Structure formats: C-alpha cells, structure tokens
1. Below 18 Å, Cα to Cα, which lysines can residue 95 reach? Residues fewer than 8 away in the same chain don't count.
2. Which FRET efficiency value, to the nearest 0.05, is calculated for residue 241 and residue 298 with the Förster distance at 41 angstrom and r the Cβ-Cβ distance?
3. What distance in nm separates the two pseudo spin-label positions at residue 307 and residue 25, each 7 Å out from Cα along the beta-carbon direction?
4. Need the full-extension length gain, residue 151 to residue 96, defined as separation in residues times 0.36 nm minus the C-alpha distance. One decimal, nm.
5. Taking a probe of 1.4 Å, how large is the accessible area per residue of the range 137-237, in Å²?
6. In nm, to one decimal, how far is the modelled label at residue 56 from the one at residue 160, with both set 7 Å along Cα→Cβ?
7. So if each residue of separation counts as 0.36 nm, and I subtract the Cα-Cα distance between residue 259 and residue 114, what length gain in nm does that give?
8. Given labels modelled 7 Å from the Cα in the Cβ direction, how far is it in nm from residue 169 to residue 139?
Amino acid sequence: MLDQVPPAAPERKADDSEAVLAPLVDPFARAITYLRVSVTDRCDFRCVYCMAEDMTFLPKREVLSLEELDRLCSAFVARGVRKLRLTGGEPLVRKNIMALIAGLSRHLASGALDELTLTTNGSQLERFAGELAAHGVRRINVSVDTLDPEKFRAITRWGDLDKVLDGIRAAKAAGLHVKINAVALKGVNEHEIDDLIRWAHGDGMDLTLIETMPLGEIGDDRTDQYLPLDAVRASLEEHWTLADIPYKTGGPARYVRIAETGGRLGFITPLTHNFCETCNRVRITCTGTLYMCLGQDDAVDLRAPLRASEGDALLHKAIEDAIARKPRGHDFVIDRTHRRPAVSRHMSVTGG
Ligand code: SAM
Ligand code: SF4
C-alpha cells in the first residue's frame, strides 16, 4: 500500500473539475472554509469519554493512504478551505504522518491555506515538535484533562502525564503556540478547573473546556460524565472575573478573558448552546467519509470517487453534492430518557 507523500503534488491529468473550482457554500449561505481530517482511527490512549477500552480498529485497506489524504485535503483547499486541522484518533501515531504534513505545507507556502494545525494528545509531541514547526505549523491543540498523574492515567486508561507535559514543553521551545483542551467531567476534574486555568494561563496557553458529546458507545453511562459548562462558568464566576470577548479561532468556542490571569478561557458547549448558525466546517474520517455536521449521521463517501479515477472531477462532484446537503444544525441530547448516543460513531472517528 502506498504510504508516502511526495513533497510536491503528483502530476494529474487536467479534467473538467479544474476549470470550475467554485468556493463551497452550503444551502444556508455558510462558506466552508475549515476542514478537519481524521488521519487515523487509532490511538495510544483510550480516554473514557472517547473510546471503549476494547476497541476494534479499521483494517488498513479501508483507511486512506497518505497520498489520498493529501489529494482530498488539496481538493478542499482548491475549493476555498483556508484552515486544515489534522486530528484522529491520535494523528501523531499515524505512520509517516510528517510526510503528509510536509506535503500539505505547500499550500501554506502558496498562500492558499492560512493555517495547518493539529489536535493531539501530546504523547508523541516531544519527538515531532521541531518538525511540525519546520513545516509551517504554528498552533496546536493539546488535550489535557487533569494535572494529577493518577487521574490522568485513569481518564486515558494508561497515558503518562509527564510525557505529555514534556511534549508541551518541546512544542513551546519549538515556537508553537499551544492551546489546551480539557473535557469537563462530572466528579472527575470538575474541582480541578481552577488549577488547569492557573497552569495554562501561567504558561501563556489558552484553555478551552469542552462538554462531553454523546458520540459512540463507550461502555459507560454518559449521564454520569456530563457536566454542563454553564454550571462550570457559574462556579468559576464565584472567584474569577470573566469578561466575554469576541475572540475567534475559526472554531466553535466562545471565549472569556479572566481578569486575574489575563488569559483566555474558551467554552465549547454543543449541548447547552447552539453554535450551528456560524458553522463553517466539515469533517472527514480516515476512510474518506465526509460528515457535514458533527451531530448528524448523514455522510457522503469520498473514498470511492477518489479511488475511481486519477482526475478529481468525480471527487469534486461528490464534494459539491455533500455540501448541498449540509444541515442547518444538530440535535444532541443527553438525558435520562436518551441513554444511547445521539450519533453512533465515536469522536475518534471524526476527530472532534
Ligand atoms: N487524540 C487527539 C486528542 O485527544 O486531542 C485528537 C482526537 S480527540 C477525538 C479530539 C478532542 O475531542 C480531544 O480534545 C478530546 O478530548 C475530545 N473528545 C473526545 N471524545 C469526546 C466526547 N465524547 N465529547 C467531547 N469531547 C470529546
Ligand atoms: Fe485518543 Fe484523543 Fe480519543 Fe483520548 S480523546 S482516546 S487521546 S483520540
């Protein structure tokens, strides 16, 4: 199986699609400028809210090769995507991932892409930080739900917090801006959020809190984990001064500035607020399935058109058809009467 990306795009036959590369705009007049791509479903952790302990991963032939991922991302860049986020599973455990990143960096150099970034659990960051920076990556998100090594091991099922913290140090030393993501978990890290704020802001990092989303069976009851962020915000306001700010990163987080630290705190609240009106993104799984909405099951297979011919005409047609079906919004629900996930796939499939 091909698994190397040449530094430059391979020569391809010109086809009809290359003449009509109109920007992607959905039926609600939202321009699609942000693509998140899961480069693997595999991970070296098994976070309790994300995966079951005993996961069955996809056979390799179903997963897009690095060349296919490059071709797919490049097709979206040609249609107006300005921000590309690689995620997973854990993107940095994908074999030869740096070849993909090196290849995609040509779109940064050409000015077609504003940002190439990734979301990582940080376990491999110490090894890759320098290369990421060299390939034009400027900002990364690192997921850290707790600063307690034992709790970290319990949440991730076997992760090593020290290794992640070493990775963050290496990233900063390489000049990368690091944003910390933390999933708010009832009874697990809910009393540690102050510590996470002090740590992240003390080290010049933004912190974003994420509500658990009901994606995929995980073998536990999600209502035990669900901690609404409006409750978190209310309790933070008892001892911090939070001011809403219009800061945007292209993602769905709403930000506040904390007067006492000067740092930014983001809230991603898909369940208590609706951020769909301004949704500018779509997601692709590592098998080439395009999800037009994180919270809906409707999807379009892009792997078949990708593999059907060398030219991109079929691919562009499939992308256009998909964007024409992007729904207005999602309808996540977590409550005692809806114990099953609203969406059957795991977060590690679409990468959050
Ligand atoms: N492995 C990488 C990581 O952990 O950062 C990237 C993939 S992970 C699926 C992306 C983000 O989704 C992480 O910040 C993770 O904490 C978050 N996440 C995973 N499952 C989630 C869920 N059910 N609800 C909310 N966030 C979730
Ligand atoms: Fe892996 Fe990220 Fe999911 Fe944790 S949240 S199991 S690190 S993909």
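The values are calculated or read from the model by the stated rules, or taken from the named source; none is laboratory data. All values reported here derive from a predicted model rather than from experimental measurement. Positions of Cβ are backbone-derived with ideal geometry, glycine not excepted, and every protein chain shown enters the neighbour counts. In case anyone asks, the SASA skips ligands and DNA or RNA and just uses the protein heavy atoms, side chains included. Shrake-Rupley method; radii C 1.70, N 1.55, O 1.52, S 1.80 Å.
1. 60
2. Numbers: r = 42 Å, r/R0 = 1.03.
So the FRET efficiency works out to roughly 0.45.
3. 3.5
4. On the way: separation 55, 0.36 × 55 = 19.80 nm, distance 3.12 nm.
Roughly 16.7 nm would be gained on extension.
5. Details: 4020 Å² over 101 residues.
So the range 137-237 comes to 40 Å² accessible per residue, rounded to a whole number.
6. 3.2
7. On the way: separation 145, 0.36 × 145 = 52.20 nm, distance 3.03 nm.
Extra length available between residue 259 and residue 114 comes to 49.2 nm.
8. The two pseudo-label positions are separated by 2.6 nm.
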